[in-house]
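Novice: Sending over a structure as structure tokens; questions will come in a sec.
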Amino acid sequence: MTTSLTEREDLQIKSGSPSTRLTVADLEQLQGILCEAHLDYQLELVDGKIIIRGPSDIVSSEIGAELVSLLRNWVKPRKLGRVFESSGGFILPNSNVTAPDVSFVTASRLKQSKRYFAELVPDLVVEIKSQSDRLKPLREKIQSFIELGAKVGILIDPDKRTVTIYTPKAEPVVLRDGDLISLPELLPGWEIAVTELWPIDFE
């Protein structure tokens with residue numbers, strides 16, 4: 001049977017037995033099948049279920065690309081760590097495998113990249129709301145990262161033009177146009193205007 005995924009519609013694949021949880025090996029096997037079929041879907045393993053995510057809308061994608069560029073332009077010359085886009089997968093301590101829209105890991109925690117998922121929690125995780133996403137699951141995903149050890153989480157909502165910053169020991173901070181984004185816990189001195197994230201209109 002052929003399954004068609006619309007924009008950001010998620011398909012969950014569960015094991016045949018209620019007591020059996022799917023594993024990283026199962027995820028890798030499905031990745032191979034999709035690759036051979038030339039299907040470019042993002043896979044995550046959450047609570048023993050494989051979730052197949054469809055493509056994002058282009059506004060969310062452009063925001064992600066812009067943030068990756070702004071972070072990398074600061075991080076790479078200073079050799080502060082590694083910046084990843086939405087294809088970068090992480091195996092978390094709870095055995096989930098997930099890929100934030102943007103993430104950053106300090107150099108001391110990931111001195112060398114390898115051809116596999118990173119087996120750690122990123123220091124920074126960013127989720128960007130797509131057109132069909134609901135905010136509650138995104139907030140819960142970021143809070144889960146924080147509980148597992150992430151130092152900063154960011155939720156970007158292009159619809160409301162807000163950027164919400166999550167940290168372990170403080171209430172979330174909501175930034176809007178006119179505000180500056182900074183990450184003193186991770187990247188002292190780095191800051192950008194919220195307005196730099198939004199796609200520009202060409203005349």
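Novice: List the number of the failed condition for Arg21; all other conditions in (1) at pLDDT 75 or above; (2) within 23 Å of Glu85 (Cα to Cα) hold.
Specialist: (2)
Novice: Moving on. Can we say Leu138 is touching a residue at least 24 places away in the same chain (Cβ under 8 Å) and not aromatic (Phe, Trp, Tyr)?
Specialist: So Leu138 does not fit the description; no.
Novice: Need the failing condition index for Val75 against (1) at pLDDT below 95; (2) outside any strand (DSSP E or B), just the number.
Specialist: (1)
Novice: A follow-up question, please. Considering only residues that are surrounded by 18 or more Cβ atoms within 10 Å (Cβ to Cβ) and within 24 Å of Lys114 (Cα to Cα), look in region 54-69 and name the one that is nearest to the chain's Cα centre (by Cα).
Specialist: Of all residues in region 54-69, those surrounded by 18 or more Cβ atoms within 10 Å (Cβ to Cβ) come to 56, 60, 63-64, 67-68.
Still in the list and also within 24 Å of Lys114 (Cα to Cα): 64, 67-68.
Values: Gly64: 9, Leu67: 12, Val68: 11 Å.
Across region 54-69, the extreme among qualifying residues is Gly64.
Novice: Here is a further query. Any idea which of (1) out of contact with any Gly (no Cβ under 9 Å at 6 or more places or on another chain); (2) crowded, with 21+ Cβ neighbours inside 10 Å; (3) assigned to a loop (DSSP other than H, G, I, E, B) is the one Ser86 doesn't satisfy?
Specialist: Here Ser86 meets the rest and fails (1).
The values are calculated or read from the model by the stated rules, or taken from the named source; none is laboratory data. Remember, it's a predicted structure, so these values are computed and weren't measured experimentally. Don't worry about glycine lacking a Cβ; one is built from the backbone with ideal geometry, like all the others, and counts go over all protein chains shown.
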